[in-house]
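Structure, as structure tokens:
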Amino acid sequence: MSKRGRKLTLTSDKIDRIVEIVERGNFRYVVQQRLGISPRTFSSWVERGKKERLKVEDGEQDPTVFTELVTRLEEAEAKVHQRLLQDVIEAEDPKCKMWFLERRWNKLYSRNPNAVIDDETGETIKRDMVAQLAEKLAQFVEDD
């Protein structure tokens, strides 16, 4: 008896196209738009790949198309990150170097002492906003 369900649309060819788009410096949402993949589907593929990769590392299962996606996606993102970062470091424009210093060592080089750089996203967060969010969270926790 065969399994029922939808046909798997994630293939090695599709992963190649995903990696190609990401290596050009695009974000994951661009991949989704370009290839017509819903955000929910893409997210579930990635989450499944992460879970299955842990099982592969523990020797509980063989690699799958989902583990291939996660591994190659992360490698592509790291590759483009490294390439672009090197471009900034090697740039002749001192503004590029200052931008890097402000982002990498925010506490030492930031022009805005009230800013915090999110290590995950690289986005600037104002400390006042962080304090406000912490206060709201504390109120929420106290109310429970």
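Every number here is computed from the coordinates shown, using simple stated rules; none is lab data. Not measured: the values here are computed from a predicted model. Positions of Cβ are generated from backbone atoms using ideal geometry, with glycine treated the same way; all protein chains shown enter the neighbour counts.
Annotations
- Distance in nm between pseudo-label sites at Thr71 and Cys96 (7 Å out along the Cβ direction from Cα): 3.4 nm
- Subset of Lys14/Lys97; Lys7/Lys55; Lys50/Lys136; Lys51/Lys107 violating a 25 Å alpha-carbon distance limit: Lys14/Lys97; Lys50/Lys136; Lys51/Lys107
- For the stretch 8-90, the percent of C-alpha pairs falling in each 5 Å distance bin, counted from 0 to the bin holding the largest distance, reads 3, 15, 23, 24, 16, 10, 6, 2, 1.
- Across the stretch 42-55, computed HN-Hα scalar couplings (Karplus, 6.51 cos²θ - 1.76 cosθ + 1.60, θ = phi - 60°) run 4, 4, 5, 4, 5, 4, 4, x, 5, 5, 5, 4, 4, 5 Hz from first to last residue, x flagging Gly and Pro.
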